[in-house]
Amino acid sequence: MDGIDAALVDLSGDRPELIRAQTSAWPEALHARILKTATTPDQTSLQEAGRLDAELGEQFAVAALDLMAQAGFNSHQITAIGSHGQTLLHAPGDQPAFSLQLGDANRIAERTGITTVADFRRRDIAAGGQGAPLVPAFHQALFHDPATPRAILNIGGIANLTLLPADRQAVTGFDTGPGNVLLDAWYCKTRHGDYDERGAWAQSGELNRPLLTRLLDHPYFSQPPPRSTGRELFCLHWLEERLQQLPHTPSDADIQRTLAEFTAQTIASSLQRFGPPVQQVLVCGGGAHNDFLMQRLASLLPEQQVETTERYGLHPDWVEAVAFAWLAKQALAGKAGNIPAVTGANRPVILGSIYPGRIRKR
Ligand SMILES: Nc1ncnc2c1ncn2[C@@H]1O[C@H](COP(=O)(O)OP(=O)(O)OP(=O)(O)O)[C@@H](O)[C@H]1O
Ligand SMILES: [Mg+2]
């Protein structure tokens, strides 16, 4: 949501080698439209959804071509593109369950000439799963260490945990709840800019206990896995409803402080409540740059070593993008990408649809 992440990865060896990665900014007007659609989906017309799908597909193609140019690669040197797409709606609890990602992969394959794998979530949902989280299989492949039980914590808009106990087969994972989504939404509404740099503003505020209690009082946090959630539930509107229930409105900075605490507590308590014991928590995603959030996590998890994934083989900014390159490789190799114990699917399935690139002459 904050930009388009693209990673060029060599997956020919035992471990993924990141060749180059970059985040391209959204055109401003397009960013406003996707944010609006993701937070108030019921106000989006079918026409707007169709246009966004096409426009996002073009943007993703440009991001891929630009990364290749920066890295000095041409399309013949690239085996495939894995494109997650922009999530506009994730509704695993609806009847029927569904998850909607936009960014027409036909356009990516056509503009780049490269075979593109996209639409990773819906096969898992068709097999009875939540379609999320999908990164645990990659976390397991990259970060499992039989000598050190670990959790991988991705703090994106929503935060998700992968638990990697000593037994390789026993991997689990789930969404803990909001990651940066509420922190960003409140910052954006009350200050200038997109996010609270290093969490400094949150740190300047006082914790407001009545607000914290109201935020924690949501059934999602006591629901056992499999579970996943999205921006349509945890959004500014949800926060504002809870603020209205308070007898006294806290200051803007106190609200930011309390949101940081809420985010850290829901992560820590879901790890303690639903996960096997782990020694390390390796953090990735943009939230790894929020020093105050990291500090709160470390103090709420005194038994664990909390650090970023950087020392363990992959910079925290690129774990997710590399995961979808890896999932594309799984799909093309005819291998499953989901973990049924994580998503709740009734079997392992191959994730993604394949959009062939340009047929090459021999
Ligand atoms: N220097 C920083 N200080 C504080 N927060 C930061 C910093 N850098 C990034 N972030 C946070 O990380 C967010 C981006 O994280 P990330 O790219 O992992 O998530 P996303 O793309 O919004 O979501 P998702 O991965 O769920 O689609 C920013 O919106 C911001 O909240
Ligand atoms: Mg991002």
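What the table below lists for this structure:
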| quantity | calculated |
| --- | --- |
| Hypothetical label at R347: residues of the range 128-147 whose amide nitrogen lies under 13 Å (7 Å Cα-Cβ projection) | 128 |
| Options G131, L183, F221, ranked by Cα towards positive dipole end of the chain, top entry (Cβ charges) | G131 |
| Using a Förster distance of 35 Å, the FRET efficiency for H237-H76 (Cβ separation, nearest 0.05) | 0.15 |
| Highest to lowest packing among 65-74, 88-97, 128-137, scored as the average C-beta count within 10 Å | 128-137, 88-97, 65-74 |
| Furthest towards positive pole of dipole, T172, P210, P340, structure part the chain, Cβ charges | P340 |
| Test item: Cα-centred dipole of the chain, Lys/Arg +1 and Asp/Glu -1 on Cβ, debye | 1060 |
| C-alpha long axis of helix 252-274 to longest principal axis of the chain, angle in ° | 70 |
| Mean residue ellipticity (222 nm) of the chain, computed from DSSP H runs ≥ 4 via -39,500 (n - 2.57), nearest 500 | -12000 deg cm²/dmol |
| GluC sites (Glu not before Pro) within the range 257-308: DSSP coil, no more than 12 neighbouring Cβ in 10 Å | E303 |
| The range 132-236: translational diffusion in µm²/s, Stokes-Einstein, Kirkwood Rh over Cα pairs, 25 °C, 0.890 mPa s | 157 |
| Crossing angle, helix 319-332 versus the chain [Cα axis fit, 0-90 degrees, rounded to tens] | 40 |
| At R0 = 25 Å, FRET efficiency that the Cβ-Cβ distance of Q169 and A333 yields, to 0.05 | 0.80 |
| Share, in percent, of DSSP beta bridges within the range 46-163 that are antiparallel, nearest 5 | 75 |
| Normalised contact order of the chain, rounded percent, pairs of Cα under 8 Å and 6 or more residues apart | 22 |
| Spin-label pair I359/D194, simplified geometry with 7 Å Cα→Cβ offset, distance in nm | 4.1 |
| Cα gyration tensor category, rounded, prolate or oblate, for the chain with a/c compared to 1.5 | prolate |
| Percentage relative contact order, the range 136-312, counting C-alpha pairs under 8 Å, at least six apart | 29 |
| Unit charges on C-beta of K, R, D, E only; dipole of the range 1-156, Debye | 140 |
| Protein-only accessible surface order, largest first, of I354, I78 at 1.4 Å | I354, I78 |
| Accessible area (Å², per residue) of the range 136-312, counting only protein heavy atoms and a probe of 1.4 Å | 42 |
| Sulfur and carbon atoms: percent of accessible area, the range 1-89 [1.4 Å] | 50 |
| Charge dipole of the chain about the Cα centre (unit charges at C-beta), most positive-ward option of Q256, G313, I108 | I108 |
| Extension gain from Q43 to N106, taking 0.36 nm per residue of separation minus the Cα-Cα distance | 20.0 nm |
| Burial order of peptide ranges 215-228, 283-296 (average beta-carbon count within 10 Å, highest first) | 283-296, 215-228 |
| Size of charge dipole - the range 136-312 - debye, nearest 20, with Cβ of Lys, Arg +1 and Asp, Glu -1, no other charges | 280 |
| Distance from the range 114-146 to the range 84-100 (C-alpha centre basis), Å | 15 |
| Sulfur and carbon atoms: percent of accessible area, the range 136-312 [1.4 Å] | 47 |
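The values are calculated or read from the model by the stated rules, or taken from the named source; none is laboratory data. Worth saying up front: this structure is predicted, and the values here are computed from it rather than measured. Positions of Cβ are backbone-derived with ideal geometry, glycine not excepted, and every protein chain shown enters the neighbour counts. We work out accessible area using only protein heavy atoms, side chains counted, and drop any ligands, DNA or RNA first. Shrake-Rupley method; radii C 1.70, N 1.55, O 1.52, S 1.80 Å.
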